[in-house]
Amino acid sequence: FDEPMSIDQPLDGRSGSRQAPFARAARGAELGNVLSRSIWLGSVICCVRQSSPVGSEGSVEVFRQQLLHGIATHIACFTVLLVVAVPLLPLMLNNMASSSCDGSMLAWVTILAEYQNDSEHIRRRELAEFARFYEGFASYGPYYLCSGAIDTSGKFHCAFNGTLWGEDASALDGGFGRPARAAEQLSVTANNAQGGGVRAHFDFSSAKRMEAWMNMALVAFEFSAMVLFTFLNARWITNLILRPLQRMLVSVTQIAQPILKNTTALGLTLDGDGGMDEDLDEIQELEMVVQKLGTIAGIASDLQNGNHDNNMKDYLELENESVLQMFPLEKPEQGCGRHPTSKNDVDPLPDAATRAQLEKLRLSFEELNSWDFDVMSIDRARQTGIAGWILLQNAQTFGAISPKSDVAQRFLQTLSQEYRNENPFHNWTHAVDVLHITWRMLVISEAHVFLNGLEQFALLVSAIAHDVGHPGVNNKFLVDTGDELAIQYNDSSPLENMHCSKLFKLLGDGTNIFESLSRTAFFEIRKICIEAILSTDMVKHNAMIEEAKGIHQKRPDARSQDPASFFKAKEIKTKVMNIFLHVADISNPTRPWTICREWAFRCLEEFFMQGDQEKQLGMPVGVLNDRTKINKATSQITFIEFMIVPLEAAKVNLFPSLHEPTTFLKCNLEEWFRLWTEEDAPTDVEREEFRRRVAKASQTLTRAKEGSINSARPVF
């Protein structure tokens, strides 16, 4: 305590030591280490307190403890770094500015030293000013002032009677006293020209105590902040991650109980009797569930490919059978037999008993199973009967669905009433005709090789319902007139969207032909119907031709890959179903001449009726809708040339067995050309031009037919 600090010593360390900041940093690091251990210990206590057995929490609690321990460790490291770094800040600041030294102290001592040899009156005056200057200072001030001289060694010594201010000069005492610690003192010395000088001692005890309290407050704040941060982090992580994870894994445990029962039938080996070991935690149970689902998926694949023992399903419990249904097996719903996987599994043609049922309709199977069959030649009741026979025969043959005959009858009767008889073309007769053509295409192309019974039935229902509610005008007319349908469906295929909607609105009590299906199967068949019916919009015609060409180009060679596997792909068979329905919808030009001509006249008459409405409304009349300007024969030649021939060629390339209608198509082109020349008396130039067009279209069909028949890539 006898050696106070000099003016060039820092105020924030021990007296006489320039290493004080580093010493304080070391003490701070030690304190930070204590704090980090305290925080870590608190987190461990928290984990231990909550790690008692809590039912089935298991591995979740272990994960929770590890996560909390990691968080506590990071927080402790951060605390140590903070406590060590804060004391070093004054050292860095001292290098930029000596803000810890008050220049007024040296200035006053220098002034007093200059007046040391003046009169007593002047010295007293200066001392009074010196005292008044420090009266307002609460944190530090002078407590001792003496005069003296510097010896030969360069040290300053106060004179024996040189005290200017101190305990024996109480009149000038400013209220400061000698500090108890040398670290709280500061000595300032100034010399004058005569060899004398003045030394002042300043009391910094109040400032040092304030600094100590601030340091303690800082440490307390840091400790509190870290504890609070740890607590909040633990709560956030528990609420946002661990509790939901715990609930999920507990649910896995509950779900795993029935799934993991009797797993020996599936080739899985578990502890005990083949069930679930009670010692398994949630993660292990989840692994076992995934393992079993993988086994079930393998069984599903084997059942689909016919490579698995069919009796395996007998060992599966109800829960396993439900899981098996999640996989896209091509099998019937509700216990029906498995779908055939090759063309030898089932004959798509009806048996003798089913054929005999046609006698009630005064029709033979040979007549029905022909491109020559004319739906227009029979009455409406027999048309409905034929539609019912086709649907029920397909359902009975493939066993994918079991509609009741009376339900099918009411469904068809209700559906037929929704078709408008006043339409020359888009009526119930057209619907039955499209159904008949679709059915024949399915049979001849051997579609049962790649389409299961449910998909075939969905396509047939789409065919009979594809124009239900048709108003006798096209989509463009509805859009141009602002019809309610166009508004309802945003001008996007309003007719086709309406047909889909009407079909499923008719499925009520007693008319629901799909009532025997499960919910999953119903939505599958609904999706097929919607996609197929929407594909009949003529604006999609050219895109469909390109899709057919694309499928033909990708079709594998039968010598290198099973074509059936190619056509079973979801995307491929969906496109094929859409192509089949669209081809059937505009198949009139591919029928024998008498049928072709009658359908063409009916279609043109409906166009003319729309043209009459357009004239009445003052609208532009469509190209094919003006009965006073259109030549029926040339309109059909143009329609066949640009619309039907490309589609038929693509169809025959894809399915060579469907080549027979191309023969009718070529003959019909010749008939329309003959009819045109007889009725219109064209010039030789016009005749030659149309002859060239007809010949070119016929050549396209011939090349498609011959190329498919001679192809080294048969379909099946």
Exercise. For K540, all conditions in the list (1) in a loop (DSSP other than H, G, I, E, B); (2) among the charged types (D, E, K, R); (3) closer than 16 Å to P646 by Cβ hold save one; what is the number of the exception?
Worked result: (1)
Problem set entry | Index of the failed condition, R703 passing every other in (1) open to solvent by less than 40 Å² (accessible area, probe 1.4 Å); (2) part of a helix (DSSP H, G or I); (3) of a type in the set (D, E, K, R) | (1)
For this session: All but one of (1) surrounded by fewer than 19 Cβ atoms within 10 Å (Cβ to Cβ); (2) at pLDDT 95 or above; (3) more than 24 Å from N421 (Cα to Cα) hold for K568, so report the exception by its number.
Result: (2)
Exercise. Looking at this structure, is G550 over 22 Å from V652 (Cβ atoms), open to solvent by less than 70 Å² (accessible area, probe 1.4 Å), part of a helix (DSSP H, G or I) and not β-branched (V, I, T)?
Worked result: no
Problem set entry | Candidate set: segment 512-541, residues that are open to solvent by 50 Å² or more (accessible area, probe 1.4 Å) and under 20 Å from T438 (Cα atoms); chosen: the one farthest from the chain's Cα centre (by Cα) | M538
Problem set entry | Scope segment 587-601; condition surrounded by fewer than 20 Cβ atoms within 10 Å (Cβ to Cβ) and either among the aliphatic types (A, V, I, L, M) or outside any helix (DSSP H, G or I) (or both); matching residues | P592
For this session: Count, please, the residues in segment 495-511 that happen to be assigned to a helix (DSSP H, G or I) and either open to solvent by less than 40 Å² (accessible area, probe 1.4 Å) or in contact (Cβ under 8 Å) with a residue 12 or more places away in the chain (or both).
Result: 10
Problem set entry | S657 vs. criteria among the small types (G, A, S) and more than 47 Å from the chain's Cα centre (by Cα) | no
Exercise. Which ranges mark the helices (runs of 4 or more DSSP H) fully within segment 401-494 that have 2 or more residues being open to solvent by less than 10 Å² (accessible area, probe 1.4 Å) and within 16 Å of G385 (Cα to Cα)?
Worked result: 405-418, 428-444, 453-465
For this session: Filter segment 106-155 for residues that are closer than 24 Å to E184 by Cβ and in a helix (DSSP H, G or I) and give the result.
Result: L106, A107, W108, V109, T110, L112, L127, F130, A131, R132, F133
Exercise. Quick check, is L665 closer than 18 Å to S587 by Cβ, in contact with a helix residue (DSSP H, G or I) (Cβ under 7 Å, 6 or more places away or on another chain), modelled with pLDDT under 95 and part of a helix (DSSP H, G or I)?
Worked result: no
Exercise. Pick from segment 647-661 the residues that are out of contact with any Lys or Arg (no Cβ under 9 Å at 6 or more places or on another chain) and crowded, with 21+ Cβ neighbours inside 10 Å: which of them is nearest to V694 (Cα to Cα)?
Worked result: E648
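The values are calculated or read from the model by the stated rules, or taken from the named source; none is laboratory data. All figures in this text were calculated on a predicted structure; none of them were measured in a lab. Note that each Cβ is placed from the backbone with ideal geometry, even for glycine, and that neighbours are counted across all protein chains shown. SASA here: full protein model, heavy atoms, side chains in, ligands and nucleic acids out. Shrake-Rupley method; radii C 1.70, N 1.55, O 1.52, S 1.80 Å.
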